[in-house]
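The values are calculated or read from the model by the stated rules, or taken from the named source; none is laboratory data. No experiment lies behind these values; they were computed from the predicted model shown. Reconstructed Cβ throughout: ideal geometry from the backbone, glycine too, with neighbour counts over all protein chains shown.
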Amino acid sequence: MAQERLIGILLAGGLSSRYGEPKAFATWKNKYFYTWSYDILHDVCEEVIVVTREELQPLFPKHIITITDVEPFVGCGPLAGIYSAMEVSEGDRYVVLPCDMPLMKKDVIKKLIEKHKKGVTVVQTDYYIQPLVSIWDRSMKQRIYEALMQKQYKIRTVLKEPYVHMVQGKALTDEAHIFSNINTKEEERRLEVWNRL
């Protein structure tokens, strides 16, 4: 049996309006935010695709594959980013991470991949569903396309039974703060606190 092709999708195309500048290029421990997710994906996937905005593409190193949303879904959010990566690179499964989770750890993602069963596997923490920490089968591409064509841009529109498998964050790690998105400068200041936990 042929080994499944695993593609990493790093979402780095948000406007970062609450943060005030592109979050992908904020720094923590002398590393850009995006590199924390990129390094994890690079270690567990055959290929990593960064979905970003056109004006940010020149800021990434040349060896990193960057794309923008495909037409007609430019600027239509993370769901469009996932679809665009699926269009550009054919894989069996896709591992999705955002660019603003610098506390994420490789072993958490490896466990999530192991728990993937069907359609979409998504992390659920105590308070939130984390659709940007997820595993997607290629079979979901058509469902994403149909949602986008109907202008349903929220990821939750495709996270419906029987296609979704929820994994509790506690089954992956005892450190709930690992799933924290850094959306504001205030949240960024908490990184050091969380890092000491």
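Here are the numbers for this structure:
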{"read-out": "Subset of region 49-96 [under 18 Å from Ile155 (Cα atoms), of a type in the set (A, V, I, L, M) and more than 16 Å from the chain's Cα centre (by Cα)]", "value": "Val70, Val74"}
{"read-out": "Filtered residues of region 122-143 (kept if at pLDDT 95 or above, under 30 Å from His177 (Cβ atoms) and over 15 Å from the mean Cα position of the chain (by Cα))", "value": "Met140"}
{"read-out": "Residue match in region 5-24 (condition: among the hydrophobic types (A, V, I, L, M, F, W, C), in contact with a strand residue (DSSP E or B) (Cβ under 8 Å, 6 or more places away or on another chain), surrounded by fewer than 20 Cβ atoms within 10 Å (Cβ to Cβ) and at pLDDT below 95)", "value": "no"}
{"read-out": "Residue within region 110-124 that is touching a Gly at 6+ places or on another chain (Cβ under 6 Å), crowded, with 18+ Cβ neighbours inside 10 Å and closer than 22 Å to Ser37 by Cβ present", "value": "yes"}
{"read-out": "Which numbered condition Ile40 misses (of (1) more than 22 Å from Phe179 (Cβ to Cβ); (2) surrounded by 17 or more Cβ atoms within 10 Å (Cβ to Cβ); (3) in contact with a helix residue (DSSP H, G or I) (Cβ under 9 Å, 6 or more places away or on another chain))", "value": "(1)"}
{"read-out": "Only listed residue being surrounded by 14 or more Cβ atoms within 10 Å (Cβ to Cβ) and under 21 Å from Leu6 (Cβ atoms), chosen from Leu59, Leu103, Leu97", "value": "Leu97"}
{"read-out": "Entirely in region 59-174, the strands (runs of 3 or more DSSP E) that have 3 or more residues that are touching a helix residue (DSSP H, G or I) at 6+ places or on another chain (Cβ under 7 Å), without any contact (Cβ under 8 Å) to a residue 12 or more places away in the chain and hydroxyl-bearing (Ser, Thr, Tyr)", "value": "none"}
{"read-out": "First in region 7-33 and at negative phi and of a type in the set (S, T, N, Q), second anywhere and surrounded by 13 or more Cβ atoms within 10 Å (Cβ to Cβ) and at pLDDT 85 or above, Cβ under 8 Å, 6 or more apart", "value": "Thr27/Phe33"}
{"read-out": "Hey, Phe60 of a type outside the set (Asp, Glu) and under 14 Å from Leu148 (Cα atoms) or not", "value": "no"}
